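Heads up: the structure comes next, in structure tokens.
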Amino acid sequence: MLRFKSSGKNLFALSAVSLILAACGGGSNQDAKQAATVSPAPAIQAATAADVMSFTGKRQNYTISRLGSTYVIVDMVGGAAPVSAPLTTNVLQFSDFRVNLRIGDKAAALSVTSLNNLIDLYVAFFNRVPDADGLAYWIDQVQAGMNEAQIAESFYLVALQSPALTGYSSSMSNDDFIRIIYKNVLGRTGTTAPNAAEISYWSSQLKNGTPKGSMVRAILVSAREYANDATWGWVTTLLNNKLDIANYFAVQQGLSYLTLDDNITKTMAIAAAVTSTSTSAARDLIGVSGNPINSTLISPGTTGIYGSPDQLANICTPTGEKSWVRAHLDDVYLWYRDIVNVPAANYSTAASYFDALIVKSKDRFSFTDVQGSIDDYFQYGEDVSYGYTLVREGSKIRVRYVQPGSPADIAQLKRGTTLLSVDNTDLSGSLNDAQYNALYPPKTETHSFRVQDTNAATSRLVNMTSATVATSPVLQDQILNVNGKKVGYMVFTDHIRTAEAPLITAMRKFQTARVDDLVLDLRYNGGGYLYIAQELASMIAGSKATNKVFEKLQYNDKHPEWTADSIYNFVDVDTSRRFLPQLNLPRVFVLTGSGTCSASESIINGLKPFMQVILIGDTTCGKPYGFSQTNNCQTAYFAIEFSGVNAAGQGDFTNGFSPLCKVSDDLNHDLGDQSESRLSAALTYASTGSCPAAGFSPAPPPLDGSPIRDKSMQPWRNIKLLKSANMQAR
């Protein structure tokens, strides 16, 4: 109920009289009546400039967060810079609402039971949800010593002043009074209206001297005793729903309308929209969604409650971003209990603070990056590069593979080509920053390289200009004829959105050819979208696995509902609901390496309960974990959120999957060449049932300190990622 001057309409009486009665706090019906007639209304104090901060837009268009010693208000529509308000600010005023910043602390001063009882009485007598300003006033009266009986009697006398709004009248009979309570408070009208016995019971209480305010309290208590009753349990649910909406409007969001008329009529409409089955219509009328502003938040780097990440999102100041990071990790991180707090002030950026909080003993995968780069890669398969992937072999930097049509392809770099120098600087030792940036330029740049092709006697000089390169996630799909059998061979490098179509095309090609075996080359596939792995595994396994579990995700104990809802089954249709080709093979050969990671390991693990999975190559990276991309202030955050298990409940492969046939990578032969060591080993096993004789020498280890490892330099290529669409229910 607002406590400032308004129009001289009858509605003002409801506010003014309530203040008179509250100020007096009489102990009896008669005392309250006398107070109402002789006591002046308390003076209405105008808020000072220091108390109020005004904004031109609607409340819904802003986020409000308490960070340390200030409130931070962010305009999500207009895009203006965040505004800071000192904690001494009492009110934020928008074009549609006032927000009371003190109501949360005031409400917390009461016990939960006392607060709920006060709100229950407010809704019961005034037939509306309380506004924050009015509720704050009545909380003050409770704090000043008014008990519930006195509050109830005061509410009743106030309700008598506006019978057209509340339904209560001083001239009504006891029976009619009971009927109004059943209608307004319990929602029992028509076929559920009270019968004669019920009316008689409560009317007799009034005849015996029970005050009418206390009668409403008694009926509320009685109704809540029917919580699990098959007939009347809905009444308790209705009361709870009204309490929930009232708490959300007045306490959690701290809302009051700007005029007395709106403050009464609109809150009545909100209460009327609540049913025993839903509060959604009432929330729609409120029109302010999001997390409550009056929760207790603390500065990052301290112990306790870290606040809601949704509430702290998009506050793009150093403190705001770091506060969001701490709240985000506390909410979704798989190992949130193991985080060791560090002072946020010690870190200049939110990304470095994020990295400091990660539990390194368990997590070598969580990371951050520029949102735009991530989005371009996973949605469109694009990044700025030369289009090659590199590996360090002892003192040599060699090319693993080249994207078709890329600058490296145009320069005729091939698998196995050695990069000897860049910009006239030798690459045989540890790289400096200039060399590293020349090999992996963050933007379009031109650099000169001296390269030596496999088996070439001399080197050559090439100039390459980095460009936006579109990844071809299926580098090869061919059918090999081996000892009279057809073997499908596919090189799959990236679980990105654009992989779906070429994967389906390749698998349909294999299905049409009726291949006898499949060699799936995942040696360079670090993962990506889980739904792509799910589709590929479904096409390989075929009908024997359809609708059975591919992978179950297990989140931290704060989100059991996510765990319950996150079961990925084998499917027979793609994302456009078109039927997938199915190979229905009894076994599959998978070529692996240390870069076979995450979503690629999910394919291996998911298929194991349904078919023989024969690994050829090297041990995989060991990442049974995944995450969903979460963006804040143009940074993409990837914190490990879940682990995954297959249909047999297996998923503990943190040490990776070991190959049946251990075979080193062979950069001296092209991918798809039957002489290439790993492919050759798979074909040998397919024909003989045995691994080939030993004789493949492992590549020399990389130099200490070299930043080029057996994986691409982009960390997002070694992940298991959920599509954002799958996470909307969070």
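The values are calculated or read from the model by the stated rules, or taken from the named source; none is laboratory data. These figures come from a predicted structure and were not determined experimentally. Reconstructed Cβ throughout: ideal geometry from the backbone, glycine too, with neighbour counts over all protein chains shown.
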Among residues of the range 60-116, those that are basic (Lys, Arg) and either touching a Cys at 6+ places or on another chain (Cβ under 8 Å) or surrounded by fewer than 18 Cβ atoms within 10 Å (Cβ to Cβ) (or both), counted: 1
Qualifying residue in the range 240-250 (condition: among the aromatic types (Phe, Trp, Tyr), touching a Lys or Arg at 6+ places or on another chain (Cβ under 8 Å) and crowded, with 18+ Cβ neighbours inside 10 Å): yes
Within the range 175-220, tally of residues that are touching a helix residue (DSSP H, G or I) at 6+ places or on another chain (Cβ under 9 Å), under 23 Å from TYR122 (Cβ atoms), in a helix (DSSP H, G or I) and not aromatic (Phe, Trp, Tyr): 16
Selected residue [closer than 30 Å to GLU445 by Cα and among the hydroxyl-bearing types (Ser, Thr, Tyr)] from TYR568, TYR524, TYR489: TYR524
Those helices (runs of 4 or more DSSP H) lying entirely in the range 93-167 with at least 3 residues closer than 20 Å to ASN263 by Cβ, touching a residue at least 12 places away in the same chain (Cβ under 8 Å) and assigned by TED's automatic domain parsing to the domain that holds ASN184: 103-108, 112-126, 132-143, 148-160
Sole residue being part of a helix (DSSP H, G or I) and either at pLDDT below 75 or more than 15 Å from GLY254 (Cβ to Cβ) (or both), chosen from THR56, THR37: THR37
Total residues in the range 530-550, condition part of a helix (DSSP H, G or I) and surrounded by 18 or more Cβ atoms within 10 Å (Cβ to Cβ): 13
Checking GLY287 against (1) surrounded by fewer than 16 Cβ atoms within 10 Å (Cβ to Cβ); (2) at pLDDT 90 or above; (3) closer than 30 Å to LEU357 by Cβ, the condition it does not meet: (3)
Criterion: part of a helix (DSSP H, G or I), among the small types (Gly, Ala, Ser), within 30 Å of ARG337 (Cβ to Cβ) and in the same structural domain as GLN612 (by TED's automatic domain parsing) - qualifying residue of ALA564, ALA506: ALA564
Residue satisfying all of: in the range 570-594; within 17 Å of ALA533 (Cβ to Cβ) and hydroxyl-bearing (Ser, Thr, Tyr); surrounded by the fewest Cβ atoms within 10 Å (Cβ to Cβ) among these: THR575
Qualifying residue in the range 379-395 (condition: within 39 Å of the chain's Cα centre (by Cα), surrounded by fewer than 17 Cβ atoms within 10 Å (Cβ to Cβ) and of a type in the set (S, T, N, Q)): yes
Residue under evaluation PHE589, criteria (1) closer than 14 Å to ALA537 by Cβ; (2) in a strand (DSSP E or B), criterion not met: (1)
Residue within the range 418-432 that is closer than 30 Å to VAL573 by Cα, among the hydroxyl-bearing types (Ser, Thr, Tyr) and either touching a Leu at 6+ places or on another chain (Cβ under 6 Å) or modelled with pLDDT of 95 or more (or both) present: no
Failed condition for TYR436, given (1) crowded, with 18+ Cβ neighbours inside 10 Å; (2) of a type in the set (Ser, Thr, Tyr); (3) at pLDDT below 95; (4) more than 30 Å from LEU503 (Cβ to Cβ): (1)
Positions within the range 59-92 being of a type outside the set (Ser, Thr, Tyr), in contact (Cβ under 8 Å) with a residue 40 or more places away in the chain and not in a loop (DSSP other than H, G, I, E, B), in sequence order: ARG59, GLN60, ILE64, ARG66, LEU67, VAL72, VAL74, VAL91, LEU92
Any chance TYR353 is part of a strand (DSSP E or B) and not aliphatic (A, V, I, L, M): no
Residue satisfying all of: in the range 484-518; closer than 20 Å to GLY656 by Cβ and at pLDDT 95 or above; surrounded by the most Cβ atoms within 10 Å (Cβ to Cβ) among these: THR493
